[in-house]
Amino acid sequence: NSSSSKTTLTDISRHQTGAFHKDVLTGLQSNPKYLESKYFYDTTGDQLFKELMNCTEYYLTDCELEIFSKKTAELSAAVTDDDNSFDLIELGAGDALKSTYLLNYLLEQKVDFNYLPIDISSNVISNLTSNLPETLPNLQIMGLNGEYFEMLNKATASSSRRKAVLFLGSNIGNMPISAVLEFCKELRKHLSAGDKVLMGMDLKKNPKTILAAYNDKGGITKKFNLNLLERINRELHADFDINQFDHYAMYDPETGSCKSYLISLVDQVVHINERAYINFLKDEHIYMEISQKFTLSQIEQIARDTGFKPLRHFFDSKEWFVDTIWQA
Ligand code: AVI
């Protein structure tokens, strides 16, 4: 009952700003400095990420869209079981562009399922729950706004049906390998034997192709990274001069890690919230993001090490990206 609830929207946003402030200070007061890439996605960041997904060098989205549009029937068969009744949960649903292929096909096949998109952004969830039923009128949808595992708890508590969890777009690559393993183990704990996972993961390939995707000629990735400094200015009343920072991306073909940094171009001091100040040396870096690339054997190893059985892999025609299906 919202009228008697003591938690208001202002409380929530104050709480979120508090965590943002704390995480930014922790990162910038560390040595070496870092910022958490989950904070890229404010309204401007969402917009820049959309631009990135449309830029020629950023191949990931096109590859996964190809898989979802050309292999819809096989993907659907792989996530459904004979009982034909299940919950389809999507972690970090975004605009659900890729999953819409699957939703549409499942509806056409008259499969009995509920779609439960989970996203940390309340905007995303309210857009999905109002827009999707317009194009897919028979869709049973329940949007869940919040942290992945908290919302997964809610989803599992509200139904005992079999589950299939989508985690697309190589979002898992934005965690270091140790966190990938922790994440998959935690995911397994939230599922029952027989439940399925469909995970989008970017594959190791020509290093130049990978590097170009994170260092596009149009400079959108640079803007995307610098936007986090601007977000800190906007929300935490800081005074970053973004012209005094440059973007640097590197890919290590041995480890498969693509990493992004911002480099301070001069010695400078940045104030945050009038109370804190951060010194930057010329050429000092802020570590911004990891985008991990995987081999197939590594992917299967991750599945087995975290309590899943790898069932099947779906590739795009260039075999640059994989949607892999695991069973709990
Ligand atoms: C969201 N995530 C999978 C993107 C990636 O490819 O790591 C974020 C991104 N960062 C720079 N470009 C895209």
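The values are calculated or read from the model by the stated rules, or taken from the named source; none is laboratory data. Model, not experiment: these values are computed from the prediction. Backbone-built Cβ (ideal geometry, glycine too); neighbour counts: all protein chains shown.
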statement: Residue count, the range 68-94, condition surrounded by fewer than 18 Cβ atoms within 10 Å (Cβ to Cβ) and either in a strand (DSSP E or B) or touching a Pro at 6+ places or on another chain (Cβ under 8 Å) (or both), comes to 1
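Take the residues in the range 64-78 that are in contact with a Lys or Arg (Cβ under 7 Å, 6 or more places away or on another chain) and in contact (Cβ under 8 Å) with a residue 60 or more places away in the chain; name whichever of them is nearest to the ligand (Cβ to nearest atom). Please lay out each step first, then the result.
Within the range 64-78, the first condition is being in contact with a Lys or Arg (Cβ under 7 Å, 6 or more places away or on another chain), and the residues that meet it are 64-65, 68, 78.
Applying the additional criterion that residues be in contact (Cβ under 8 Å) with a residue 60 or more places away in the chain yields 64, 68, 78.
Numbers: Glu64: 10, Phe68: 16, Ala78: 22 Å.
Among those that are in contact with a Lys or Arg (Cβ under 7 Å, 6 or more places away or on another chain) and in contact (Cβ under 8 Å) with a residue 60 or more places away in the chain, it is Glu64.
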statement: All conditions in (1) modelled with pLDDT under 95; (2) over 25 Å from Lys309 (Cα atoms); (3) not in a helix (DSSP H, G or I) are true of Phe49 except (3)
task: With the checklist (1) of a type in the set (Val, Ile, Thr); (2) part of a loop (DSSP other than H, G, I, E, B); (3) within 17 Å of Asn138 (Cα to Cα) in hand, flag the one item Thr100 doesn't pass.
output: (2)
- prompt: If you check Gly219 against the conditions, is it among the small types (Gly, Ala, Ser), under 25 Å from Met175 (Cα atoms), out of contact with any Leu (no Cβ under 9 Å at 6 or more places or on another chain) and at pLDDT 95 or above?
  reply: yes
- prompt: Would you say Lys33 is of a type in the set (Lys, Arg) and either at pLDDT below 95 or at positive phi (or both)?
  reply: no
- prompt: If you take the residues in the range 21-42 that are assigned to a helix (DSSP H, G or I) and within 16 Å of the ligand (Cβ to nearest atom), which one is nearest to Met288 (Cα to Cα)?
  reply: Ser37
- prompt: Can you spot a residue in the range 226-236 that is charged (D, E, K, R), modelled with pLDDT of 95 or more and surrounded by 22 or more Cβ atoms within 10 Å (Cβ to Cβ)?
  reply: yes
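Of all residues in the range 115-149, which are hydroxyl-bearing (Ser, Thr, Tyr) and outside any helix (DSSP H, G or I)? Give the steps one after another, and end with the answer.
Of the residues in the range 115-149, the ones hydroxyl-bearing (Ser, Thr, Tyr) are 115, 121-122, 126, 129-130, 135, 148.
Hits for the range 115-149 are Tyr115, Ser121.
For Glu254, state whether it is in contact (Cβ under 8 Å) with a residue 24 or more places away in the chain and among the acidic types (Asp, Glu). Walk me through it before giving the result.
Working: in contact (Cβ under 8 Å) with a residue 24 or more places away in the chain: no; among the acidic types (Asp, Glu): yes.
Criteria not met by Glu254.
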field: Qualifying position, being touching a strand residue (DSSP E or B) at 6+ places or on another chain (Cβ under 9 Å), closer than 22 Å to Met201 by Cβ and touching a residue at least 12 places away in the same chain (Cβ under 8 Å), among Leu144, Leu152, Leu128, Leu139
entry: Leu152
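What are the residues in the range 280-294 that are surrounded by 12 or more Cβ atoms within 10 Å (Cβ to Cβ) and either of a type in the set (Ser, Thr, Tyr) or over 22 Å from the mean Cα position of the chain (by Cα) (or both), if any?
Applying the first criterion (surrounded by 12 or more Cβ atoms within 10 Å (Cβ to Cβ)) to the range 280-294 yields 280, 284-294.
If the condition is that a residue be surrounded by 12 or more Cβ atoms within 10 Å (Cβ to Cβ) and either of a type in the set (Ser, Thr, Tyr) or over 22 Å from the mean Cα position of the chain (by Cα) (or both), then Phe280, Glu284, His285, Tyr287, Ser291 are the ones that fit.
Name the single residue, out of those in the range 77-113 being of a type in the set (S, T, N, Q) and within 22 Å of the chain's Cα centre (by Cα), that is farthest from Lys154 (Cα to Cα).
If we filter the range 77-113 for residues that are of a type in the set (S, T, N, Q), which is where we start, we get 80, 84-85, 99-100, 104, 109.
Okay, now just the ones that are also within 22 Å of the chain's Cα centre (by Cα), so 99-100.
Numbers: Ser99: 21, Thr100: 23 Å.
Here the residue is Thr100.
Would you pick out the residues in the range 127-174 that are within 16 Å of the ligand (Cβ to nearest atom) and small (Gly, Ala, Ser)? Explain how you work it out, then say what you get.
At the first step, the residues of the range 127-174 found to be within 16 Å of the ligand (Cβ to nearest atom) are 148, 166-174.
Scanning the range 127-174 gives Gly169, Ser170, Gly173.
Given the residues Leu65, Leu97, which is the only one that is surrounded by fewer than 17 Cβ atoms within 10 Å (Cβ to Cβ) and either hydroxyl-bearing (Ser, Thr, Tyr) or at pLDDT below 95 (or both)?
Numbers: Leu65 fails: either hydroxyl-bearing (Ser, Thr, Tyr) or at pLDDT below 95 (or both).
Residue meeting the stated conditions: Leu97.
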query: Within the range 100-127, can you find the residues that are within 21 Å of Glu147 (Cα to Cα), among the aliphatic types (A, V, I, L, M) and either at pLDDT 90 or above or touching a Leu at 6+ places or on another chain (Cβ under 9 Å) (or both)?
result: Leu116, Ile118, Ile125
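So, restricting to strands (runs of 3 or more DSSP E) that lie completely within the range 196-315, which ones have at least 1 residues that are within 15 Å of the ligand (Cβ to nearest atom)?
Numbers: elements: 196-202, 245-252, 257-264, 268-272, 276-280, 285-292, 309-315.
Once the strands (runs of 3 or more DSSP E) in the range 196-315 are filtered for at least 1 residues that are within 15 Å of the ligand (Cβ to nearest atom), what remains is 196-202, 245-252, 257-264, 285-292.
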